[in-house]
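Notes follow once the structure below has been shown.
The values are calculated or read from the model by the stated rules, or taken from the named source; none is laboratory data. The structure displayed is predicted, hence computed values, not measured ones. FYI the Cβ positions are ideal-geometry reconstructions off the backbone, even for glycines, and counts take in every protein chain you see.
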Amino acid sequence: MRIFLIILSVLFTGSALAQDKPNMLIIWGDDIGFWNLSTNNMGMMGYETPNIDRIAAEGAKFTDYYGQQSCTAGRSAFILGQSPIRTGLTKVGSPGADLGIRPEDVTLASLLKDEGYVTGQFGKNHLGDKDEFLPTAHGFDEFFGNLYHLNAEEEPEDPD
């Protein structure tokens, strides 16, 4: 019984320590207009996003921003904290291209890991199409998604 309690206390101590820092959830979507979220449009546009509205009400909303011309440029600017011109990640690359996150680029994920956060990226990445550009090679603990969207799904050809 004593060993069980010691193990249990160690497990719960770790989870209690992890809760000293706020959780962060960043939702990054392509082609979503500011008014497409009901937290911003107050019911005027006919869109309802109740789960996003709840997250926004319980956390922080960032409403002033500068948008990039492509999803690659926007993601790289946010994740790397640099102008896409500096990183070369200004437009969507081709499958197998040599362009991606460079080894010397510090990512937001690696900075958060240094502060004790666990990081993950889920969905479209667009920051390089080779293994060395994987999010897990640049500070993310977990990644589930695709590196390049145009060859992401293998669906059978429609014979009709």
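Restricting attention to region 109-134, which residues are touching a Ser or Thr at 6+ places or on another chain (Cβ under 8 Å) and at negative phi?
Here is the first cut: in region 109-134, the residues touching a Ser or Thr at 6+ places or on another chain (Cβ under 8 Å) are 109, 112-113, 126-127, 129.
109, 112, 113, 127, 129, listed by residue number.
From the list 96, 67, 81, 46, which one is at positive phi, without any contact (Cβ under 8 Å) to a residue 24 or more places away in the chain and not polar (S, T, N, Q)? Show your work before the answer.
On the way: 96 fails: without any contact (Cβ under 8 Å) to a residue 24 or more places away in the chain; 67 fails: at positive phi; 81 fails: without any contact (Cβ under 8 Å) to a residue 24 or more places away in the chain.
Only one candidate passes the filter, namely 46.
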Test set (1) surrounded by fewer than 18 Cβ atoms within 10 Å (Cβ to Cβ); (2) closer than 18 Å to residue 29 by Cβ - residue 125 fails condition number: (1)
Answer residue from region 137-160, given it is surrounded by 10 or more Cβ atoms within 10 Å (Cβ to Cβ) and closer than 16 Å to residue 29 by Cα and is modelled with the highest pLDDT among those: 145
Criterion violated by residue 72 - all others in (1) within 23 Å of residue 31 (Cβ to Cβ); (2) among the hydroxyl-bearing types (Ser, Thr, Tyr); (3) in a loop (DSSP other than H, G, I, E, B) satisfied: (3)
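Right, residue 79: in contact with a helix residue (DSSP H, G or I) (Cβ under 7 Å, 6 or more places away or on another chain) and either modelled with pLDDT under 90 or not in a helix (DSSP H, G or I) (or both) or not? If you could, list the steps in order and put the result at the bottom.
Values: in contact with a helix residue (DSSP H, G or I) (Cβ under 7 Å, 6 or more places away or on another chain): yes; either modelled with pLDDT under 90 or not in a helix (DSSP H, G or I) (or both): no.
So residue 79 fails the test.
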Residues (surrounded by 13 or more Cβ atoms within 10 Å (Cβ to Cβ) and either part of a helix (DSSP H, G or I) or more than 18 Å from the chain's Cα centre (by Cα) (or both)) located in region 27-41: 36, 37, 38, 39, 40, 41
Yes/no for residue 57 being in the same structural domain as residue 106 (by TED's automatic domain parsing), without any contact (Cβ under 8 Å) to a residue 24 or more places away in the chain and out of contact with any Asp or Glu (no Cβ under 9 Å at 6 or more places or on another chain): no
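Of the residues 8, 17, which is at pLDDT below 90, more than 25 Å from residue 143 (Cα to Cα), surrounded by 10 or more Cβ atoms within 10 Å (Cβ to Cβ) and not assigned by TED's automatic domain parsing to the domain that holds residue 141? Write out each step before concluding.
Numbers: 17 fails: more than 25 Å from residue 143 (Cα to Cα).
When all the criteria are applied, what remains is 8.
Only one of these is part of a loop (DSSP other than H, G, I, E, B) and in contact with a Leu (Cβ under 6 Å, 6 or more places away or on another chain): 105, 98, 64. Name it. Write out each step before concluding.
Values: 98 fails: in contact with a Leu (Cβ under 6 Å, 6 or more places away or on another chain); 64 fails: in contact with a Leu (Cβ under 6 Å, 6 or more places away or on another chain).
Only one candidate qualifies: 105.
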